[in-house]
Amino acid sequence: PVWFVSSKENVSRLERDGSPVFWWEDLVIDKNGTSFLACSNLAPDEQWEISLPVAGEHYVNTSLFGLAVAYALGLDMNEAARSAAKFTNIGSRQKLLHLGAITVLDDAYNASPESFGSALEAVDIQAEECRRILVLGGMRELGRYTKGVHETAARQALANNFNRIILIGTETEYTKNKLMQTAEGRNVFAGWYTTVDDAMPRILQEVENGDFVLLKASRYYHLERVTEALQNKFLAAEARTEE
């Protein structure tokens, strides 16, 4: 049976039969990571300090689920809480990369409306005053929601102050069309391409020293190739400068 569920009304807690079981207090999110106090009515006299080296509210409920599992298995809760500090993202899952003079948030393992929103939150926290570049590939397998989701992505990208937007994939034609409806969208639109290979020359042309680049797409579009190309360009440039 399901013991804990994420509350539909309050995403900051796990609940059972409508009552909170695990929740957070004193949440702090900045470019250094995410920290909070985890609480539970199963152990009302205890609190556990959670410190994650990654930034984003979406990591909070994941951590609470981890603590709930640790409690259910009878594990040492303090040790479980301390282990959060060792968390690292793997693959192209919100992986923050410093490539010479640019920063890349490689979140191209997969994409959904929810994960795109989480990626935008991470950009807001990490990018600060950097010029922002979005390379957005299509979010696939959305059926009748495809058009609406990709039009919403255009509005979200503009709201998050991206300076240049490069689109890849048939789904993002909806994003392109939405961007082209406003002067602001037309000013930041930098191209729409069918494949990542077609887009690569424009991406390498657009990205400059000091930029913060978000890569987001369904796995189908292989945006990890963009990471490799940017690494080759900007790390090589840094090496030449140091010679």
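Does segment 68-96 hold any residues that are in a helix (DSSP H, G or I), under 18 Å from Ile29 (Cβ atoms) and touching a residue at least 40 places away in the same chain (Cβ under 8 Å), and which are they? Within segment 68-96, Ala81 is the sole residue that qualifies. Is segment 225-236 home to any residue that is touching a residue at least 24 places away in the same chain (Cβ under 8 Å) and either among the hydroxyl-bearing types (Ser, Thr, Tyr) or outside any helix (DSSP H, G or I) (or both)? Yes, some residue in segment 225-236 is touching a residue at least 24 places away in the same chain (Cβ under 8 Å) and either among the hydroxyl-bearing types (Ser, Thr, Tyr) or outside any helix (DSSP H, G or I) (or both).
For segment 101-137, filtered to residues that are under 17 Å from Gly56 (Cβ atoms) and among the acidic types (Asp, Glu), the residue that is surrounded by the most Cβ atoms within 10 Å (Cβ to Cβ) is Asp107. Selection over segment 22-46 of residues that are buried (at least 17 other Cβ atoms within 10 Å of the Cβ), closer than 18 Å to Leu75 by Cβ and small (Gly, Ala, Ser) gives a count of 2. Cβ-Cβ contacts under 9 Å between residues 6 or more apart (or on different chains), taken from a first residue in segment 144-164 that is under 24 Å from Gly210 (Cα atoms) to a second residue that is in a helix (DSSP H, G or I) and aromatic (Phe, Trp, Tyr), are listed as Ala154/Tyr174; Gln156/Phe116.
Restricting attention to segment 100-113 and to residues that are farther than 21 Å from Ala153 by Cβ and at pLDDT 95 or above, the residue that is farthest from the chain's Cα centre (by Cα) turns out to be Ile102.
The set of residues from segment 118-152 being part of a helix (DSSP H, G or I) and over 14 Å from the mean Cα position of the chain (by Cα) comprises Gly143, Arg144, Tyr145, Thr146, Lys147, Gly148, Val149, His150, Glu151, Thr152. When you scan segment 182-205, do you find a residue that is among the hydroxyl-bearing types (Ser, Thr, Tyr), closer than 20 Å to Leu142 by Cα and out of contact with any helix residue (DSSP H, G or I) (no Cβ under 8 Å at 6 or more places or on another chain), even just one? Checked segment 182-205: no residue is among the hydroxyl-bearing types (Ser, Thr, Tyr), closer than 20 Å to Leu142 by Cα and out of contact with any helix residue (DSSP H, G or I) (no Cβ under 8 Å at 6 or more places or on another chain).
The residues on offer are Glu57, Glu49, and the sole one that is among the acidic types (Asp, Glu), outside the structural domain of Asn110 (by TED's automatic domain parsing), surrounded by fewer than 20 Cβ atoms within 10 Å (Cβ to Cβ) and within 30 Å of His222 (Cβ to Cβ) is Glu57.
The values are calculated or read from the model by the stated rules, or taken from the named source; none is laboratory data. Given the structure is predicted, the values throughout are model-derived calculations rather than measurements. When we count neighbours, we look across all protein chains shown, and the Cβ atoms used for this are built from the backbone with ideal geometry, even at glycine.
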